[in-house]
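This report refers to the structure that appears directly beneath it.
The values are calculated or read from the model by the stated rules, or taken from the named source; none is laboratory data. Since we're looking at a predicted model, the values are computed, not measured. No Cβ is skipped: glycine too gets one built from the backbone with ideal geometry, and neighbour counts run over all protein chains shown. Side chains included, ligands, DNA and RNA excluded: accessible areas come from the protein's heavy atoms. Shrake-Rupley method; radii C 1.70, N 1.55, O 1.52, S 1.80 Å.
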Amino acid sequence: QVQLVESGGGLVQPGGSLRLSCAASGLTFSSYTVGWFRQAPGKAREFVAAIRWPGTTFFADSVKGRFTILRDSSKFTIYQQMNSLKPEDTAVYYCGADRDQYALVTLKPEYWGQGTQVTVSS
C-alpha cells in the first residue's frame, strides 16, 4: 500500500524559505513520478513540481527559479525547497505519486498525501 506523508509546512515571512518533505512508502522511486501540488483558499488545486527517475524535474512557471525538488532515495523522501516565498504561495501543499508522469501534470496522480499548510505572511 502506497502512503505519502507530508511535513515541514508553517508560517514564513515574504522572502523567506521553507523545505517540505514527502515521506513515501510502498513504492519505488524508479517506477513512480512524485510531485507537489498546492491549493489556495477558494482556488483550484494546481501542479507545482515533480521529479521523475532518474532525475528529470518539472516546475510550474510560477515557481521556476524559486523552488527546487530533490530526492533522497536512502530516506524514501522527496523534498521541495521553497525560496523567495511570496504571499501568493500560501496554500495547502500536497504530495502526489503516479507511474505516469502525465497523471501529475493533469492533476490526477493515483496517490495523494494529506497535505501541509504553508502560510507566507508578515
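Residues that are hydroxyl-bearing (S, T, Y) and either closer than 28 Å to S122 by Cβ or surrounded by fewer than 14 Cβ atoms within 10 Å (Cβ to Cβ) (or both): does segment 41-62 have at least one?
If we filter segment 41-62 for residues that are hydroxyl-bearing (S, T, Y), which is where we start, we get 56-57, 62.
If we keep only those that are either closer than 28 Å to S122 by Cβ or surrounded by fewer than 14 Cβ atoms within 10 Å (Cβ to Cβ) (or both) too, we end up with 56, 62.
For segment 41-62, residues hydroxyl-bearing (S, T, Y) and either closer than 28 Å to S122 by Cβ or surrounded by fewer than 14 Cβ atoms within 10 Å (Cβ to Cβ) (or both): present.
Does segment 13-21 include one or more residues that are open to solvent by less than 50 Å² (accessible area, probe 1.4 Å) and under 22 Å from L107 (Cβ atoms)?
First, pick out the residues of segment 13-21 that are open to solvent by less than 50 Å² (accessible area, probe 1.4 Å): 16, 18, 20-21.
Filter once more, so that each one left must be under 22 Å from L107 (Cβ atoms): 20-21.
Yes, there is a match, as at least one residue in segment 13-21 is open to solvent by less than 50 Å² (accessible area, probe 1.4 Å) and under 22 Å from L107 (Cβ atoms).
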statement: Taking segment 13-30 and keeping residues more than 18 Å from I69 (Cβ to Cβ) and not small (G, A, S) leaves Q13, P14
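Quick grid of which residues meet (1) among the aromatic types (F, W, Y); (2) outside any strand (DSSP E or B); (3) within 27 Å of P87 (Cβ to Cβ):
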position: P14; (1), (2), (3): no, yes, yes
position: R19; (1), (2), (3): no, no, yes
position: A24; (1), (2), (3): no, no, no
position: L27; (1), (2), (3): no, yes, no
Within segment 73-122, tally of residues that are open to solvent by 40 Å² or more (accessible area, probe 1.4 Å), acidic (D, E) and not in a helix (DSSP H, G or I): 2
Among (1) closer than 18 Å to A103 by Cα; (2) in contact (Cβ under 8 Å) with a residue 40 or more places away in the chain; (3) open to solvent by 60 Å² or more (accessible area, probe 1.4 Å), the one test that S30 misses: (2)
Residues of segment 94-122 classified as closer than 11 Å to G35 by Cα and acidic (D, E), total: 1
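Counting only residues that are β-branched (V, I, T) and touching a residue at least 40 places away in the same chain (Cβ under 8 Å), which one in segment 91-118 is nearest to P14 (Cα to Cα)? Step through it out loud before you land on a result.
Taking segment 91-118 as the starting set, the residues that turn out to be β-branched (V, I, T) are 92, 105-106, 116, 118.
Applying the additional criterion that residues be touching a residue at least 40 places away in the same chain (Cβ under 8 Å) yields 92, 105, 116, 118.
Working: V92: 17, V105: 27, T116: 18, V118: 12 Å.
The extreme case among them is V118.
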message: Of everything in segment 50-65, what is of a type outside the set (S, T, Y), in a loop (DSSP other than H, G, I, E, B) and under 18 Å from Q39 (Cα atoms)? Give them in sequence order.
response: A60, D61, V63, K64
